[in-house]
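Below is one structure, written out as structure tokens; comments come after it.
Each reported figure results from applying straightforward, stated rules to the coordinates on display, with no laboratory input. Note that the coordinates shown come from a computational prediction; the quantities given were computed from them, not determined experimentally. Note that we place each Cβ from the backbone using ideal geometry, even for glycine, and neighbour counts take in every protein chain shown.
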Amino acid sequence: MANYNLRINGKKYEVDVEEDTPLLWVLRDHLGLVGTKYSCGIAQCGACTVHINGEATFSCVLPVSSIGDDKVTTIEGLSEDGDHPVQNAWNEIDVAQCGYCQAGQIMNAASFLNKNPKPTLDEIDDAMNRNICRCGTYHKIREAVALATKTK
Amino acid sequence: MADISKTNRRDFLKLAATATGGLFIGFYWSGCDSPKMQVLSNEEILAKVTDFNSFLSITPDGDIVIYSPNPELGQNIKTSFPMVVAEELDADWARVRVLQANLDTDKFERQLTGGSGAMPHSWERLRKAGATARDLLLTAAATRLEVDKNSLTTEKGVIYHKSSGKKLNYGEVVLDAAQLEAPEEVIFKDPKDFKIIGTPIKNVDNKDIFTGKPLFGLDFYREGMLHAMVQRPPFGMKIKSVDDSEARNVSGIQEVFVYDNNVALVGSSTWPIMKAKKLLKISYEPEGNVESTADHDRIFKELLDSKDARVMREDGNVEVAFKNASKVITSEYQCPFLSHSPMEPMNFFAHVKEDHVELIGPTQTPDSARVQTADLLGIPKENISVEITRLGGGFGRRLRADYVLEAVQISKKMNAPVKVTWSREDDMTGGAYRPAVRYRFSAALDVEGNMIGYKLRGVGMNAGNSVRQDNFPSGAVENVLIENVNYESSVTTNAWRAPITNFLAYAEQSFLDEVAHEVQKDPVKFRLDLLQKAKSSPVGSVNYDVDRMIGVIKDVAEKSNWGKNSNVKQGFSVYFSHRSYVAQVANIEMENNQPVLKKIIATTDCGIVVNPTGANHQVRGGIVDGMGHAMFGNLTFENGLPKQKNFDSYRLIRMKEVPEVELHYVDSGYDPTGLGEPALPPTGGAIANAIFAATGRRLRSQPFVEQKEYSDMNLEIRRG
């Protein structure tokens, strides 16, 4: 066990965990930040996507020991009132079915649009291809990302 | 047309005024000999969710709380049910708040998610609840205003008396309404006057979903709760010995124990348990059939020729028909096992206490979970409470309570609150799959190309019946023989979204396409001719409505410009399941001699569309799901264990693999039927038939991408 000081959503947290503990489980089991989801645990589905210094990252394979001073943002900290342009677009398009993957989808889209504010539909498809939605909301995800580029 | 509905007064009216001035009108679903009054203030209603004893409440402030009884797994029932109540109540949707009800079968009668059955079951009950409340509010308002009740109108939670210009909010008369007896009969709205039903209403949980609130079972945490995982045996195996010494040494592990052929690991958080689980050394020995995919393939072929088939339907005399046929076509179709793989793996919380068991988590069948827990522990089911969380998908997997009982057993053993979590690998190897199945179809054709005989034999696994004998083309063919052979596999199986029909529809629609091409008839006209026969001179009884099936076929043919553009190679498919009708056309365009799957067009008849957004979600999602599994889904076995254990080897459809999807609905005016399943079955057939039209290659097994006919056709999937 070791002590880690983490910067998450603009706040400081201290946790005492094994160094190989993935950030995902630190967030969920130790800090009560359960918006970041577990689904595959092997960086295949994107449900666990968070931002590390703004970059979309699979938290299920990211050991807590590798984070250091990096800034972590989770779905809970993406915006103050849930009104980030991507969240607004997700609501406007009414994207969700079961909803389980959507936090990861939103985090991926937000990071992507930050780097590429005016993407083509093909670029949206490429960027969002790393997140699985078992309910098949892909058409709505594409629509919502496209809408977010306009409302940003 | 507005129609009058008799209410059984005992059924659902409960009224109460509270000491603090709050009030609600409650409605029970089912009969109840002595209606109980519940007295709660507005704050209590909103705060004490578990104690609230009714379905619909209106506060003096005019706020409306509607309880949603059924588990929500993405079918959008938590939004569409309250829409129906609010419609008949003439409520202001902006004032409606929806809460998930806990399990209470006395109040809610049917609390399960499966079979696309919730809306057809509850449509009239929901309308009655809303219409009765509105009627009482009108009676109270008429007395207050000293006017004739019939001179009053309602709109968005306000009662108007047009000639005097007076108006009252629902909240203002709810106290008076509380004193009234429920009416013997209520009048339903004419559907043409619907203001909420038929409009796109957003998912009531959007804000919570998009901000990461703890909605799902896996998000449930409680102070002092232990975490647990379970190592289950391969199918057909039992534990011979367990060496858990290394697992026990992992920091954070509290207990490792064997029960019922499983090894349970308990600890303070999830990650140490995941690590410890990999350090278990368990040896197994056979206890029954230890099966591999090669065994299944062999068994299918053997049983297709079995003499012990069970006859499910027999019309006319197929023997004579096939003997007299000028041509006979026979084809076999096979699909593999599939995992349900909802994005949220199985999990459940249980706290077994001396006098009470608390169950919290994602289940499609909360009552079954309660009954099985009661049986397991030998306690009355009244001592068990079930709180239903949101489900991160279900697809039929959460109809089973196996993972609930694991939490119960471990909580009892540890004498502590426990949450059991399945890893993705557990979820994929832990059983209850869509079983593999193989079908043999035969058609007897006369000299004019008429189908005079039709035979179908299915070999299913643990399915009881792998066919749907009263579905189309039964009724349209003079001589029919439909049989089933069942094989009992040690691999556990379970309903998977659109059970049986999720593959049968593809096989049948593909075979009918083969027959149409053989007799050189247009595949759409071929089916319409058969349906005409089913209408004019039906053979035996059928479970589908011929006109409604013709309706979706004609509509999708028109919307897809069927057969009008020679550059577009089209595949057609239609299927009736779970009370709804869905026809689909897949469009493949040839670009530089390469087939590109660009679009799927669907026409659905589900009666009245309650929420267009929700309906589109279900139909489009069903198409994407049906396509994904037809193209890629494959779970194979070796020595009783799935070879695919996670999403790196078990392929799910992704963003770049979906074509454009275009949706249409037939406005048939029937009461609404469910949509969670019916759009999935036709999709595989539409795609396979389009592939045949484009390439001349017939795909008779799934997944398509693993068939040799598919390997060099370079099919691309691209929208637009």
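The table that follows gives values for the structure above.
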{"read-out": "Region B:504-629 shape via C-alpha gyration tensor axes, a/c threshold 1.5", "value": "oblate"}
{"read-out": "Residue exposure sequence - B:Phe257, B:Phe692 - by fewest surrounding Cβ within 10 Å", "value": "B:Phe257, B:Phe692"}
{"read-out": "3J(HN,Hα) from dihedral phi, region B:187-196, Karplus parametrisation 6.51/-1.76/1.60, rounded to Hz, x for glycine, proline", "value": "9, 7, 5, 6, x, 6, 9, 4, 10, 9"}
{"read-out": "Neighbour net charge for B:His161 - beta-carbon separation under 11 angstrom, K R +1, D E -1", "value": "+3"}
{"read-out": "24 Å Cα-Cα reach of B:Lys554 towards lysines, excluding residues that sit fewer than 8 places from it in its own chain", "value": "B:Lys521, B:Lys525, B:Lys533, B:Lys535, B:Lys564, B:Lys569, B:Lys598, B:Lys599"}
{"read-out": "Ranking of B:Glu662, B:Glu344 by count of other Cβ atoms within 10 Å, fewest first", "value": "B:Glu662, B:Glu344"}
{"read-out": "Net charge of Cβ neighbours under 13 Å - reference B:Val542; Lys, Arg +1; Asp, Glu -1", "value": "+1"}
{"read-out": "Computed [θ] at 222 nm, helices only, for chain B once each DSSP H run of length n ≥ 4 contributes -39500 (n - 2.57)", "value": "-9000 deg cm²/dmol"}
{"read-out": "Expected 222 nm ellipticity per residue - DSSP helices of 4 or more, -39500 (n - 2.57), all of chain A, to 500", "value": "-9000 deg cm²/dmol"}
{"read-out": "Spacing of the two label points (7 Å from each Cα toward its C-beta) at A:Glu123 and B:Met225, in nm", "value": "4.2"}
{"read-out": "Taking B:Asp104, B:Asp305, B:Asp513 and counting other C-beta atoms within 10 Å, the order from fewest to most", "value": "B:Asp305, B:Asp104, B:Asp513"}
{"read-out": "In nm, spacing of pseudo-spin labels at B:Asp295 and B:Lys156 (7 Å Cα→C-beta vector)", "value": "6.6"}
